[in-house]
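A short write-up of the structure that comes next.
The values are calculated or read from the model by the stated rules, or taken from the named source; none is laboratory data. Here the structure is a predicted model, which is why all the values come from computation and not from measurement. Here the Cβ positions follow ideal geometry from the backbone for every residue, glycine too, while neighbour counts run over all protein chains shown. The area values use the complete protein model at the heavy-atom level, side chains included, leaving out ligands, DNA and RNA. Shrake-Rupley method; radii C 1.70, N 1.55, O 1.52, S 1.80 Å.
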Amino acid sequence: MQFTLHHKDTSSNARTGSLETSHGVIETPIFMPVGTAGSVKAVHQRELKEDVKAQIILGNTYHLYLRPGLEIMEAAGGLHKFNGWDRPILTDSGGYQVFSLADNRKITEEGVVFKSHIDGAKHRFTPENVMDIQRVIGADIIMAFDECTPYPCEWSYAKKSMDLTHRWLARCIDRFDETGGKYGYDQSLFPIVQGSVFKDLRTESATFVADQGREGNAIGGLSVGEPAELMYEMTEWVTAILPEDKPRYLMGVGTPANILECIALGVDMFDCVMPTRNARNGMLFTTEGIINIRNERWKADFSPIDMGFESAISNVYTKAYLRHLTISKEMLAAQIASIHNLSFYLWLVGQAREKINSGEFASWKTGMVERVSRRL
C-alpha cells in the first residue's frame, strides 16, 4: 500500500492524498460506508459504485467470524469474492463489538473470552487469531486488536487499557508479519491510538503507534459519548504526533459536521453507521440541513429530496413520496434514504477534497458546517 500526499491547506491541517491498494486507489479525505456483516444495509454493490460513488467499504471481523464463519469466507475466496465488491475493503478487528458485550465477555492478558450474541456460544479473540481471521476475510486494510475504553472512565483504567492495547499491538504485528495474505494480494495493518480523553495518555499512545512504522494509523476510543469539542481536542492532539506521510483514520466518526471539522484537523479516513442507520429511521442529511422525513411538513412537498448535488436518487424522488414510503413501512424507503445519505456523505468529502486543492477549504468549511447542522 502506498500513500501519496497531494496538497495541504494553508489555513488548517486539512490535506488531500491518494492511497493505492491492490483493489484500487482511494482519494482522501474519504468516508467509508459500513457493511458490518458483509453488506451495506439496503444498498446493492452496483448502487455503491454508481450512485454513492464509494471507493472503499468496511466489514466487521466479529460479525463475519460468527456468521457466515471462516470456513465459508475462505471457500468463497475472501470477502471481495463473497460479496461481489472489487474495490478496497477495510475490516474492523471486532474489538469494539466484543467490548460492548460488557456482561458477556472477560478480558485477560491473553485476549477476550466472549459469548456470541447469536447463540450464546463461547469464543476467544486474541491478537494472533484476530490477525488470522482478518487474513481469511481478506480485507486490504486490517485493524489491530485493541480495547476501546468507555466514556467517561478514570485515568487509571484508561492507562491500564492503553498499556494492554500496546502489548496486544506488538503481538498483532508479530503475527501479521510472520503470515501472508491468502488470496494473492497485499494487506496492510493499521495500529490504533487509545488513551481516552487524557492528553498524556494520547501522547504516549500516539508516539508508540507512530514508532511501529506501519502503513497507516488509526485513532480509536472517540465518538463514544464524549462532547464533540473534546473529541476535536483529542483528535488535534493526536494528529500532531502521527506521521504526516501516513494516512490517519478516525474510527466511528461521525456527523457531517464532525467529519468536516476533523478533516480540518488532518484526518484522512472516516467511517460511521450513522448515514445508513439514521436513514432507516427517516433522518436525511442534505446540503441544506437535516430532515426528519416523517414530519407532517413533508407530506405534500413534491420537491426532490436534494438538488444540491448530482444524484440519480436524490434528484428524482420527492420528499412527499419518500415520506409516504417511510410512513407505510415500505422497504424501498430504507433503500432510497440509505443511498441518499451515503451519496451525500461521499459528495461532502469530495467537495472537501476540491476545496483543499483550490485553497478555499477553510472559508467553505465554516459555512458548510452551519448548513449541514441545521434542522429543517
### Over the chain: Rg over Rh, Cα atoms, Kirkwood Rh
0.96
### DSSP-assigned coil residues among chymotrypsin sites (Phe, Trp or Tyr not before Pro) in segment 273-376, each with at most 11 further Cβ atoms within 10 Å
Phe302
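With the full set of protein chains in place, find how many percent of the accessible area of segment 309-376 is carbon and sulfur; take the probe as 1.4 Å.
51 percent
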### Task
Would you mind counting up the charge near Gly220? Only other residues with Cβ under 10 Å from its Cβ, with Lys and Arg at +1 and Asp and Glu at -1.
-3
## Note on the structure
Computed over the chain: longest principal axis from alpha-carbon atoms vs helix 331-358 long axis, angle to nearest 10 degrees, is 80 degrees
### Query
Ranked from the most accessible area to the least, with a 1.4 Å probe and all protein chains present, what is the order of Tyr151, Tyr96?
Tyr96, Tyr151
#### Entry: Cα-Cα separations in segment 95-213 greater than 16 Å, expressed as whole percent
62 percent
### Message
List the lysines whose Cα sits under 30 Å from the Cα of Lys8, skipping any in the same chain fewer than 8 residues away.
### Response
Lys49, Lys53, Lys199, Lys246, Lys355, Lys365
### Message
Shape verdict for segment 193-292, please, from the Cα gyration tensor: rounded (a/c under 1.5), prolate (a/b greater than b/c) or oblate.
### Response
prolate
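Taking loop as defined by DSSP and a crowding limit of 13 other beta carbons within 10 Å, which GluC sites (Glu not before Pro) in segment 249-309 fit? Spell out each step's value before the answer.
Numbers: sites: Glu261, Glu288, Glu296; in loops: Glu288.
Of the GluC sites (Glu not before Pro), the ones in loops of segment 249-309 whose Cβ has at most 13 other Cβ atoms within 10 Å are Glu288.
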### Neighbour-limited loop hits for GluC sites (Glu not before Pro), segment 323-376 (at most 16 other Cβ within 10 Å; DSSP other than H, G, I, E, B)
Glu330, Glu360
### Message
What is the percent carbon and sulfur in the accessible area of segment 61-144, measuring with a 1.4 Å probe over the protein chains and ignoring ligands?
### Response
48 percent
#### Entry: With every protein chain in place, segment 147-221: carbon and sulfur % of accessible area (1.4 Å)
50 percent
### Task
Please give the calculated 222 nm ellipticity per residue for the chain, where each DSSP H segment of at least 4 residues contributes -39500 (n - 2.57) and the sum is spread over every residue; nearest 500 deg cm²/dmol?
-12000 deg cm²/dmol
### Query
What is the gain in length, in nm to one decimal, between Lys122 and Ala76 on full extension, counting 0.36 nm per residue of separation less the C-alpha to C-alpha distance?
14.0 nm
### Query
Rolling a 1.4 angstrom probe over the protein heavy atoms, how many square angstrom per residue are accessible across segment 119-179?
39 Å²
#### Entry: Probe 1.4 Å, protein heavy atoms only - accessible area per residue of segment 194-346 in square angstrom
37 Å²
### Summary
Computed over the chain: longest principal axis from alpha-carbon atoms vs helix 361-373 long axis, angle to nearest 10 degrees, is 70 degrees
### Task
Could you tell me which of Trp85, Trp237, Val197 has its Cα farthest along the dipole of the chain towards the positive end, charges placed at Cβ (Lys, Arg +1; Asp, Glu -1), taken about the Cα centre?
Trp85
### Task
Could you tell me what % of all Cα pairs in segment 230-376 have separations over 23 Å?
38 percent
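Does segment 1-109 come out rounded, prolate or oblate by the C-alpha gyration tensor, with a ≥ b ≥ c the root eigenvalues, rounded set by a/c under 1.5 and, if not, prolate when a/b is larger than b/c and oblate if not?
Since a/c reaches 1.5 but b/c is at least a/b, the shape of segment 1-109 is classed as oblate.
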